[in-house]
Every structure is written in structure tokens, then in C-alpha cells.
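A.B. asks: The structure is given below, and queries will be raised subsequently.
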Amino acid sequence: MKKMTKITCAVAVALLLLPVPGQAARTASANRGGKPVVTMGDRPGAIVPGAGQNKNDTKQNKAAKGSNTEIKNKKNSGTQVSQGNKTDTKRGVKTKQTAAAKRNLNAIYILPKGYKDITIKGKAEATKKQAAQLIVANNKNLPIGCSVGEIVDLYWEEAEREGIRPDMALSQALLETGYFNFGGAVEPWQHNFCGLGTVGNGVQGAAFKTTREGVRAHIQHLLAYTSHDLPKTKLIDPRYEKAHNLRLQNGLITKWSGLNWTWAMGGEYAEKVINTHQLMLRCPDKEPEGMWTDHKKQQKELEKLYEKKMKERNKLEQYKYEKPKHEKYKSENRKNEKHKNEKRKK
């Protein structure tokens, strides 16, 4: 009996010490005095102050604890699998089992049960007010020429028209733009909310004159991945045909988990989008202060900047096209000069 009591106590202590889903994000928020934490990459997304833990968290915690217990048991057991992993690690080869044992996604991101089956198409689970709460908590002054309320309305309108989940599409935009703080290759004037055409090395990618066009292009690109149907609106996504033809050839992607290694070169891209959506669901369902701030002046300035930047881009493209001709003329001139100099010497 005493032996059983000791074992029960040991298990209880071990479970308490195991990581809780999303705890890394909550700790980061606490370290910053409860302020929102906006991070990219492998780390969690923003934390919404005042958002409580719901019942789903408890279920996730139990699932995470169970999975961690299994990992510990595997490490301590003398099975062939664990021995094989040790051998592979020594040789410098990482197996899938080793990677899974080292990286518990439930301890990094807030993920609902069965999250891998969440579809790209469908109806919103979060409300517009919850979406607005998440944005305002992390960026009160949007630099994109519209208010928080307007960008939320646009995502709901454009996504629902095509049958795409608006709350998930907006969560993807928040991840891609860092809650519209940007800071990467893409700039606010581009209204590029999903990284269209950003292939690295500082390439800025696609640009759109208005916020609506940027949102519409984002939704059209999601549609290119997930449906045989053409968009119901005029096609403005410059990469739609390329993406759509590739998906028709290799198979449509209907779930967010399918965007890993396809939309973005990362094995946890979908988890980051879903984590952002889970934070949205934890926001209070009430209109935040500053949701409808007037941005008309900023919108006009961005449209002028767009026209200026696009003229610069067109000139650069024209120069690249004409450059070979210039090089040809330069080469011919050098030959002529060389021939004249040789004649003079003679």
C-alpha cells in the first residue's frame, strides 16, 4: 500500500512539472508586465491581456501531459526504437522519432484537439469583435490605410463570398504581417497580407493599391490551393494560376495542416496560424476602443506612395529588359575602339 502511495505521489509531481500548452507564451507575457507579446518564428504569437483559460485548455493539458509521459517512458525504456535513435543521433542523422521526442508542439503552441483536420473552407468560429480585440491588443495604429473594424469586415466579406473561413484567413494575415506591424521585406503600402511573391533575399513580392484588393488577393490564393472553382470576383492574385495549376497536378489542399511545406517553407506553419486563431477565441466578445479610427488621410497617402513605388518598379523592370541591348552596344563599341587603336599603332 505504501509503495502504491509513493508511486502515485511521484506521478503527480511529474505531471505538475511537465509543460502546459501555450505556457511559453503566457510566461513571456508575464515577464513583460502583462503586455501583449508579438513574436514570429518558432515562438508563440501575441497574448491578449485579460483573456482567461477555457475548458478546452484543460483537455489539451491532459493530452499534452499524457504525450510527455509517453516520451519519458520511451526514453527510459530499452526498446529497439530508442536504441536506434541514439545510434542515429551519434552519426549526426535526425530521425522522425528523435525530432518528435525533442519537440512537443503542444508545449509551444495552443492547439485544439484534432487541429490537423481544421479545414480552410467553412464558417467562422470567432466573432468580428474577438478578431478586433486581438488586433487592437497588439497594434492600435494600423499603417495600412484602414481601421481595425474595416480590415476585419473586409476579411469576413471577401472570405465568406468564397466559402473560406474568415477568422482563420485573418489569423494567417496576422501571422504573416506580425499583427500588421510588418518589419520584413513587405511594407505597409503593398497591402500584401499573406506574403504573395516574397521568395526571400529581400524580394518584396506583390503589391495592391487598396486594402480590399490585398484582402481579396489573399482569399483568392487560398482558393487556388483548396478548390477547383474559380474566384467569384475578378482575378487579381498574380500567382493564382501558377498555384492553382500546381495543386491540380499534385492534389488540392483542403486543411490548414496541409500548408506546412507548401504555402511556407516550414513544418509548423499551420500550427502558428492555428495558435493565433486560438488566441483570437480567447478574446472578449466586445467592441474594443479605437476599432473604427478614421484612416482616410493615411489611405490617400498610401495610394500616392503605391503609384510612386510601382512607377519605380516598372522602370527597374524596363531597365532589366533593355540592359542586354545596352551591354551589346557597349561590347561592340569596345571592339571598334580596340580596332581603331590597333590601326593607329600600325
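A.B. asks: May I ask you to derive the FRET efficiency for N314 and M265 from their Cβ-Cβ distance with R0 = 22 Å, giving the value to the nearest 0.05? Mind dumping the intermediate values first?
C.D. replies: Working: r = 29 Å, r/R0 = 1.33.
The calculated FRET efficiency here is 0.15.
A.B. asks: Could you please report the charge total around I118, scoring K, R as +1 and D, E as -1 over all other residues with beta-carbon less than 9 angstrom from its beta-carbon?
C.D. replies: Net local charge, I118 excluded: +2.
A.B. asks: To continue, here is another question. Leaving out ligands and nucleic acids, note down the accessible area per residue over the stretch 90-242 with a 1.4 angstrom probe, in whole Å².
C.D. replies: 44 Å²
A.B. asks: If you don't mind, there's one more thing I want to ask. So, by mean Cβ neighbours within 10 angstrom, what's the order for 185-193, 119-127 with the highest one leading?
C.D. replies: Numbers: 185-193: 22.2, 119-127: 17.1.
The most tightly packed comes first, giving 185-193, 119-127.
A.B. asks: Give me the net charge of K232's neighbourhood, meaning all other residues with Cβ under 9 Å from the Cβ of K232; Lys, Arg count +1, Asp, Glu -1. Please report the intermediate quantities before stating the final value.
C.D. replies: Working: positive: R161; negative: E162, D229.
Net of charged neighbours comes to -1.
A.B. asks: Starting with the highest mean, order 253-261, 219-227, 291-299 by the number of other Cβ atoms within 10 Å, averaged over the residues of each peptide.
C.D. replies: 219-227, 253-261, 291-299
A.B. asks: Among the listed pairs K123/K304; K234/K296; K272/K300; K140/K297; K234/K308; K129/K297, which have their C-alpha atoms separated by more than 27 angstrom in this model?
C.D. replies: K123/K304; K272/K300
A.B. asks: What does the net charge come to around T262 if you take all other residues with beta carbon closer than 12 Å to its beta carbon, with K and R at +1 and D and E at -1?
C.D. replies: +2
The values are calculated or read from the model by the stated rules, or taken from the named source; none is laboratory data. Everything numeric here is computed off the predicted structure, so don't read it as measured data. For neighbour counting, all protein chains shown are included, and Cβ atoms are generated from backbone atoms with ideal geometry for every residue, glycine included. Just so you know, the surface numbers come from the protein's heavy atoms only, side chains and all, with ligands and any DNA or RNA stripped out. Shrake-Rupley method; radii C 1.70, N 1.55, O 1.52, S 1.80 Å.
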